[in-house]
Amino acid sequence: MKSRIIVTGGLGFIGSHTVVALHEAGFEPIIIDNLSNSRLSALDGIENLIGFRPQFAQIDVNDAFALKQLFEEVKPQAVIHFAAFKAVGESVEKPLMYYRNNVGGLITLLEMMKETGIKDVVFSSSCTVYGEPSEIPVKESTETKPAESPYGATKQMGEVILKDNSSWCNTQCLRYFNPIGAHPSAEIGELPLGVPNNLIPYLTQTVAGIRKSLTVFGSDYDTPDGTCIRDYIHVVDLAEAHVSAVKRLLDQSYADSFEVFNIGTGNGSTVLEVIQGFEKATGLPVPHTIGDRRAGDVVKVWAETTKVENVLGWKAKRNLETMLKDAWNWQKKLSERADN
Ligand code: UDP
């Protein structure tokens, strides 16, 4: 029998790609999503890719009763926990909403896991825990910094909560760098609701004519071209990292019951390099202007990937050009769809 893996937030951007990667690796993914920041159309995309509709329960991770019922019915081997809010700016405006959902939701999930005897979880963390990093590339052992937003604080608290529960719960904590791109089939991808905050959806919407022009947030930083540096990672590579983490949990091959891995490529790109890379990959111009710095932006961050490669046995395979091409193909598909 296939191992059953609960994927909370399994219709979101990273969740949907992970559901597909789990299926391809021989697992049975079971999706929980409350559809607060995702759409049912993601389930259609998954179905088109894997050939059947995976089990889906419209459940909020704060709903202890519903979670428990599902866990008792499904008896999963592990949980991958994506369900959380993720907009930094919004978290500053609505901190309670973020703490309730991201921290409260994790606590409820863990309580119900404990009650039903599920001991293994993969947690979505973020390179935001490093703040403006004290060393680059960033190692897992690089000091974390006080969070700059309630969103960042919820990721740090999540890590602490899981570490404090490591007597009974085994955690693979994945610190994502900047996930972009989409499935190469363009069946699934990112579905930003409203005006996107992140660079790539804003860029692709600009090229698609939905937005007038992309504003580059600052060009006077201490970087080769003055714009900020990030470690962009293809969402399919990121999804595959989750499969590696689940295998490590189920094989019990972890060295510690709470382990942290950086999930990045190890390469940094500036905003202007991304724009030029997109233009080269697609042959399409990106209308853009240079604007002011955005408050709270880290200047430069990219991952040291030695630990994740040697210990988890995972390495990103897809380059920036592939990420940008796939992001564009997804945007083109979205532009044709009625629900975009
Ligand atoms: N960025 C930009 N214009 C935008 C959105 C983002 O110049 O409309 C820059 C932003 O300042 C940062 C990079 O793109 O340097 C990545 O930003 P994003 O919001 O995608 O990710 P994060 O800030 O979380 O790393």
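The values are calculated or read from the model by the stated rules, or taken from the named source; none is laboratory data. Small disclaimer: the values here were computed from a predicted structure and weren't measured. Cβ placement follows ideal geometry from the backbone for every residue including glycine, while neighbour counts extend to all protein chains displayed. Just the protein is used for accessible areas: all its heavy atoms, side chains included, with ligands, DNA and RNA removed. Shrake-Rupley method; radii C 1.70, N 1.55, O 1.52, S 1.80 Å.
If only residues of segment 202-229 that are of a type in the set (Val, Ile, Thr) and outside any strand (DSSP E or B) are counted, the one that is nearest to the ligand (Cβ to nearest atom) is Thr227. For segment 66-87, a residue qualifies if it is open to solvent by 80 Å² or more (accessible area, probe 1.4 Å), in contact with a helix residue (DSSP H, G or I) (Cβ under 9 Å, 6 or more places away or on another chain) and not acidic (Asp, Glu), and the qualifying residues are Lys75, Lys86. Being among the β-branched types (Val, Ile, Thr) and touching a Ser or Thr at 6+ places or on another chain (Cβ under 6 Å) holds for only one residue in Val138, Val88, Val122, and it is Val88. Taking the criterion of being surrounded by 24 or more Cβ atoms within 10 Å (Cβ to Cβ) and either in contact with a Pro (Cβ under 6 Å, 6 or more places away or on another chain) or part of a loop (DSSP other than H, G, I, E, B) (or both), the only residue of segment 32-57 that qualifies is Asp33.
The residues of segment 103-130 that are open to solvent by less than 10 Å² (accessible area, probe 1.4 Å), within 16 Å of the ligand (Cβ to nearest atom) and in a helix (DSSP H, G or I), listed by number, are Val129, Tyr130.
Find all pairs meeting these conditions: Cβ atoms under 7 angstrom apart; at least six residues apart or on different chains; first residue within segment 115-128 and within 23 Å of Leu238 (Cβ to Cβ) and at pLDDT 95 or above; second residue away from the ligand (no atom under 14 Å from the Cβ) and acidic (Asp, Glu). Listed pairs, sorted by first residue: Ser125/Glu159.
Would segment 51-58 turn up any residue that is at positive phi and not aromatic (Phe, Trp, Tyr)? Checked segment 51-58: at least one residue is at positive phi and not aromatic (Phe, Trp, Tyr).
So, Lys280, is that one part of a loop (DSSP other than H, G, I, E, B) and at negative phi or not? When the stated conditions are applied, Lys280 does not pass them. Here Gly89 meets the list (1) assigned to a helix (DSSP H, G or I); (2) under 20 Å from the mean Cα position of the chain (by Cα); (3) modelled with pLDDT of 95 or more almost entirely, failing just condition (3). Determine, yes or no, whether Val298 is at pLDDT below 95 and surrounded by 14 or more Cβ atoms within 10 Å (Cβ to Cβ). Yes; evaluated as a whole, the condition is true for this residue.
Here segment 179-215 is the region considered, the condition is being surrounded by fewer than 23 Cβ atoms within 10 Å (Cβ to Cβ) and hydroxyl-bearing (Ser, Thr, Tyr), and the residue that is farthest from Gly268 (Cα to Cα) is Ser185. So, Val195, is that one more than 14 Å from the ligand (Cβ to nearest atom), aliphatic (A, V, I, L, M) and within 27 Å of Ser41 (Cβ to Cβ) or not? No.
Kindly indicate whether any position in segment 238-260 is assigned to a strand (DSSP E or B), among the β-branched types (Val, Ile, Thr), within 16 Å of the ligand (Cβ to nearest atom) and within 30 Å of Glu28 (Cβ to Cβ). No, segment 238-260 contains no residue that is assigned to a strand (DSSP E or B), among the β-branched types (Val, Ile, Thr), within 16 Å of the ligand (Cβ to nearest atom) and within 30 Å of Glu28 (Cβ to Cβ).
Of all residues in segment 265-295, which are within 11 Å of the ligand (Cβ to nearest atom), of a type in the set (Gly, Ala, Ser) and crowded, with 18+ Cβ neighbours inside 10 Å? If the condition is that a residue be within 11 Å of the ligand (Cβ to nearest atom), of a type in the set (Gly, Ala, Ser) and crowded, with 18+ Cβ neighbours inside 10 Å, then Gly268, Ser269 are the ones that fit. Candidates are the residues of segment 255-264 that are over 20 Å from Leu320 (Cβ atoms) and surrounded by 14 or more Cβ atoms within 10 Å (Cβ to Cβ); the one that is nearest to the chain's Cα centre (by Cα) is Phe261.
When segment 145-188 is filtered for residues that are assigned to a loop (DSSP other than H, G, I, E, B) and either within 15 Å of the ligand (Cβ to nearest atom) or of a type in the set (A, V, I, L, M) (or both), the ones remaining, listed by number, are Lys145, Ala147, Glu148, Ser149, Phe177, Gly181, Ala182, Ala186, Ile188.
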